[in-house]
Amino acid sequence: MAHVLKVRGFPDHFAAAIARRRFLLEEAYSLASCFGFEPVEAPIVERSELFKRAMALSAAVQKEMYCLEGGELALRPEGTAGLVRMLIEEKPPLPCRWICSGPMFRHERPQKGRFRQFHQVSAEIFGEEGGDSDAELIFFAVSFLKNIGVYDKASLQLNCIGESQERANYIQKLIQFLKPIKNRLSAESQERLLRNPLRILDSKSASDQELLQKAPLISESLGRESQGRFQSALRTLKSLGVSFQENPFLVRGLDYYNGMVFEIKAEGLGAQDAILAGGRYDSLVEDLGGRCAPALGFAAGLERLALLLPERPPPPPPHFAVAASKGRPQEEAFKNALLLRARGFRVFFKFQGSFAKQMAKAAASGALKALIFGEREIAEKKVTVKDLKTRKEEAVLWSAFEKTLPPCGPRLSKKRLSGI
Ligand code: HAM
């Protein structure tokens with residue numbers, strides 16, 4: 001009978017991938033606590049309206065949403081809108097800094113590094129004005145990438161997309177520039193000219209990029225305040241030794257941003273090379289029904305970061321391998337092996353096959369010591385402990401052996417174990 005296939009774009013993950021993700025999360029959360037971020041979690045499902053309101057102009061992201069319950073609910077395509085909803089509803093004291101992680105869902109065309117279910121770790125700051133916190137957030141992101149050993153393959157790009165009035169003025173200038181050459185733009189950019197002209201700036205089409213070379217720059221439409229905040233963030237980053245490239249065409253796909261936006265790309269990932277991205281979104285809290293609170297944040301794609309990590313060492317070998325002859329010895333060995341596992345020791349055993357075969361498997365497991373249970377050991381309440389390197393062995397009372405064990409992992413109390 002034909003088997004049921006996995007859904008396209010929804011990958012399976014094995015131990016190596018999970019170990020990488022755990023490593024990334026441990027590094028992110030431990031560094032985040034040094035920068036004053038607290039962990040929070042929002043649900044995977046929100047009302048679709050939340051994402052529609054947060055991304056009013058981003059038609060593409062809206063089309064990519066997985067909807068449930070006749071369209072009323074949606075699987076989150078990104079984390080920021082849910083956290084803003086949580087901030088408005090739970091009303092924590094401001095300012096606050098949050099870190100969270102989990103799966104996101106976007107109905108995009110799958111390719112290398114682009115999935116329909118993927119994982120992000122994201123950091124958000126609420127209630128802090130621009131300038132220093134912009135620089136601090138980027139410095140945190142860069143430090144995280146350095147700590148996990150991928151920053152030498154990465155480059156940071158920054159832009160300032162201004163406040164809404166500045167952006168509106170700029171969009172008018174951009175439309176005036178693009179209208180006469182409209183027919184030479186790609187089909188996608190022609191469509192964007194009607195719906196969201198700013199996004200034409202990050203068109204992937206080479207001919208669009210060529211045409212844009214003479215386009216007006218957004219920096220020319222920025223007022224003193226926006227310029228001042230952006231330049232102050234750049235100065236701080238320079239003083240912290242962070243190198244970056246200003247990219248006047250960086251506008252970001254989600255359109256809740258204002259002021260500073262940034263993206264970190266990495267070599268060797270192909271077309272999907274953005275590993276971390278974010279910026280300021282000072283009006284989103286108010287747009288979603290909350291009291292005005294400046295905000296900024298970023299998210300990093302864990303699958304893309306995992307592709308850049310150096311080979312991880314294989315899992316550690318077992319502490320003990322257990323071998324036993326058939327019958328009572330195997331029953332006792334099985335029970336003792338489980339008791340050791342419950343105390344936090346890695347214990348290998350495969351009781352199928354002859355005793356000699358079990359010993360061969362024990363040696364191949366990489367364990368340093370074998371614990372051997374035969375009829376004689378059971379009769380005398382003992383275990384033979386064999387050093388698998390030196391091949392020396394000694395029979396000792398099980399109770400005495402247990403006492404020699406170092407504390408390892410979470411230990412269960414004798415009382416709780418007695419029932420097993
Ligand atoms: P984003 O640029 O849509 O921003 O996603 C952030 C990162 O998630 C990307 O740089 C990429 O590494 C990863 N990513 C996005 N889509 C996929 C995909 N289909 N497959 C694999 N990885 C992907 C946001 O999501 C914003 N919420 C970031 C933010 C937080 N801005 C402010 N706060």
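The values are calculated or read from the model by the stated rules, or taken from the named source; none is laboratory data. None of the values given here were measured: they were computed from a predicted structure. Cβ placement follows ideal geometry from the backbone for every residue including glycine, while neighbour counts extend to all protein chains displayed.
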| said: Testing Ala321 on (1) without any contact (Cβ under 8 Å) to a residue 40 or more places away in the chain; (2) assigned to a strand (DSSP E or B); (3) not acidic (Asp, Glu), one condition comes back false. Which one is that? | reply: (1)
| Selection count where residues are within 8 Å of the ligand (Cβ to nearest atom) and outside any strand (DSSP E or B), scope region 257-278 | 2
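Check whether at least one residue in region 224-232 is part of a helix (DSSP H, G or I), touching a helix residue (DSSP H, G or I) at 6+ places or on another chain (Cβ under 9 Å) and closer than 26 Å to Asp152 by Cα, and report yes or no.
The answer is yes; a qualifying residue exists.
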| query | What's the number of the condition Ala56 fails, among (1) surrounded by 14 or more Cβ atoms within 10 Å (Cβ to Cβ); (2) out of contact with any Lys or Arg (no Cβ under 7 Å at 6 or more places or on another chain)? | reply | (1)
| message | Looking at region 342-355, can you tell me whether even one residue there is away from the ligand (no atom under 16 Å from the Cβ), at pLDDT below 95 and at positive phi? | response | yes
| query | Limited to region 14-57, what total is found for residues that are at pLDDT below 95 and outside any helix (DSSP H, G or I)? | reply | 4
| remark: Residues in region 279-298 that are within 10 Å of the ligand (Cβ to nearest atom) and touching a Gly at 6+ places or on another chain (Cβ under 6 Å) total 3
| Does Val322 satisfy being closer than 27 Å to Met104 by Cα, among the β-branched types (Val, Ile, Thr) and surrounded by 17 or more Cβ atoms within 10 Å (Cβ to Cβ)? | no
| remark: For Glu225, the lone unmet condition from (1) closer than 23 Å to Leu137 by Cβ; (2) touching a strand residue (DSSP E or B) at 6+ places or on another chain (Cβ under 9 Å) is (2)
| If Leu302 passes every condition in (1) away from the ligand (no atom under 16 Å from the Cβ); (2) closer than 30 Å to Leu254 by Cβ but one, which one does it miss? | (1)
| query | Considering only residues of region 92-132 that are polar (S, T, N, Q) and crowded, with 19+ Cβ neighbours inside 10 Å, which is nearest to the chain's Cα centre (by Cα)? | reply | Gln120
| Breaking point among (1) surrounded by 15 or more Cβ atoms within 10 Å (Cβ to Cβ); (2) β-branched (Val, Ile, Thr); (3) farther than 23 Å from Val261 by Cα, for Ile181 | (1)
| query | Taking region 107-151, which residues are among the charged types (D, E, K, R) and modelled with pLDDT of 95 or more? | reply | Arg114, Arg116, Glu124, Glu128, Asp134, Glu136, Lys146
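Which strands (runs of 3 or more DSSP E) sit wholly inside region 69-127 and have at least 3 residues that are under 21 Å from Ala56 (Cβ atoms), away from the ligand (no atom under 11 Å from the Cβ) and of a type in the set (A, V, I, L, M, F, W, C)? Walk me through it before giving the result.
Numbers: elements: 73-75, 96-105, 117-126.
By residue number, 73-75.
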| Consider Glu64 against the criteria (1) more than 18 Å from Gly301 (Cα to Cα); (2) charged (D, E, K, R); (3) surrounded by 15 or more Cβ atoms within 10 Å (Cβ to Cβ): it satisfies all of them except one. Which criterion is unmet? | (1)
